[in-house]
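Written out below as structure tokens is the structure these notes cover.
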Amino acid sequence: MQEEKILTFSLKEWKDKSRVKRANYFIRRLREKIRRITKIDDISISKEVNEEIWKRGVKKSLKKIRVKISKEENKVKVELVK
């Protein structure tokens, strides 16, 4: 059975992170939050989500991002909401 959720993640709370490490840090924290929500370790983040976070470079990252989480048995897919 497949479950889907649309969530908005605020990245503002992590703005105090070093400027040269922000985008990388956001990807890791996004993965951790999704792991906590779904309780599944196998998470695949789509190319579009990754590109959206890295779009403005390492230093000037986004403030929030909307994603669709699809949960199937032991896998979680994360896609960008348009």
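The values are calculated or read from the model by the stated rules, or taken from the named source; none is laboratory data. Computed from a predicted model, the values in this text were never measured in an experiment. No Cβ is skipped: glycine too gets one built from the backbone with ideal geometry, and neighbour counts run over all protein chains shown.
Remarks
- Qualifying position, being in contact with a strand residue (DSSP E or B) (Cβ under 8 Å, 6 or more places away or on another chain) and either at positive phi or not in a strand (DSSP E or B) (or both), among GLU4, GLU52: GLU52
- Here the range 36-49 is the region considered, the condition is being outside any helix (DSSP H, G or I) and among the polar types (S, T, N, Q), and the residue that is surrounded by the most Cβ atoms within 10 Å (Cβ to Cβ) is SER46.
- Residue match in the range 30-46 (condition: in contact with a strand residue (DSSP E or B) (Cβ under 8 Å, 6 or more places away or on another chain) and of a type in the set (Asp, Glu)): yes
- Identity of the residue in the range 43-61, more than 11 Å from the chain's Cα centre (by Cα) and among the hydrophobic types (A, V, I, L, M, F, W, C), that ends up modelled with the lowest pLDDT: VAL58
- Scanning the range 52-74 for residues that are farther than 15 Å from LYS21 by Cα, free of Cβ contacts under 8 Å to residues at least 60 places away in the same chain and surrounded by 14 or more Cβ atoms within 10 Å (Cβ to Cβ) gives GLU52, ILE65.
- Some residue of the range 20-35 being assigned to a strand (DSSP E or B) and among the β-branched types (Val, Ile, Thr): no
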